[in-house]
Amino acid sequence: MQQQAHVWYRTIAHTWGISIRLAATLSDLAHPVDRPSLDVAPGLGLTLAPTCVRLLDDELHCLVAGLRWAAPALRQRYPESAWLQCTVQHLLFAETDVQPEGFACAMLLWAGAVGHYAVHVPPARFDPATNRYRFDFSAYAHAG
């Protein structure tokens, strides 16, 4: 099994917004791949393809968090899979208009698209005092 999806996470509420395009593939493997992979959850790994843009540590952390939060639904959707490998081929975003939390939202959208299930994307509220978006991830607090 190999499923590919392209998603576009965006939010705009004030003078600027967040826009992240993500393209990734979910593969069913007999065992983890031999190249470097981040273990996200039991039976689920994440790899950034060589063609993928390099992420800052906090951006990568949020990308991993989004996939970790989606892990139970993906494992339920593909229960026969010994190992699911998410390979991110492409990320497109404006480096000046992005917040790390947007990567978690993009990954949640991607997981819903590739797994063919409805997904709850946390709401973002713009805070003019800090000129930043505030995300409510409380629905995922139980997922680590």
Q: Hey, can you tell me all the residues within the stretch 1-42 that are charged (D, E, K, R) and either outside any strand (DSSP E or B) or at pLDDT below 85 (or both)?
A: Asp34, Arg35
Q | Checking His61 against (1) free of Cβ contacts under 8 Å to residues at least 60 places away in the same chain; (2) in contact with a Gly (Cβ under 8 Å, 6 or more places away or on another chain), the condition it does not meet | A | (2)
Q: Mind listing whichever residues of the stretch 71-109 are assigned to a helix (DSSP H, G or I) and within 16 Å of Asp28 (Cα to Cα)?
A: Ala71, Pro72, Ala73, Leu74, Arg75, Gln76, Arg77
Q.
So, in the stretch 110-139, exactly how many residues are assigned to a helix (DSSP H, G or I) and either under 26 Å from His6 (Cβ atoms) or of a type in the set (Asp, Glu) (or both)?
A. 7
Q.
Quick check on the stretch 85-121: of everything there that is among the acidic types (Asp, Glu) and touching a residue at least 24 places away in the same chain (Cβ under 8 Å), which residue is nearest to Ala139 (Cα to Cα)?
A. Glu101
Q: Considering every residue within the stretch 89-104, establish whether at least one is farther than 19 Å from Ile18 by Cα and surrounded by 14 or more Cβ atoms within 10 Å (Cβ to Cβ).
A: yes
Q: Looking for whichever is out of contact with any Asp or Glu (no Cβ under 6 Å at 6 or more places or on another chain), surrounded by 13 or more Cβ atoms within 10 Å (Cβ to Cβ) and in contact (Cβ under 8 Å) with a residue 24 or more places away in the chain here; the options are Ala30, Ala23. Which one fits?
A: Ala23
Q. Among the residues of the stretch 51-67, is there at least one that is surrounded by 13 or more Cβ atoms within 10 Å (Cβ to Cβ) and assigned to a strand (DSSP E or B)?
A. no
Q.
Among (1) loosely packed, with under 12 Cβ neighbours inside 10 Å; (2) among the small types (Gly, Ala, Ser); (3) touching a Leu at 6+ places or on another chain (Cβ under 6 Å), there is one condition Ala71 misses while meeting the rest; what is its number?
A. (1)
**Q.** Condition broken by Val64, with the remaining ones in (1) of a type in the set (Val, Ile, Thr); (2) within 14 Å of the chain's Cα centre (by Cα); (3) over 25 Å from Ala30 (Cα atoms) satisfied
**A.** (3)
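The values are calculated or read from the model by the stated rules, or taken from the named source; none is laboratory data. Note that this is a predicted model, so its numbers are computed, not measured. Every residue, glycine as well, gets a Cβ built from its backbone with ideal geometry; the counts of neighbours run over all protein chains shown.
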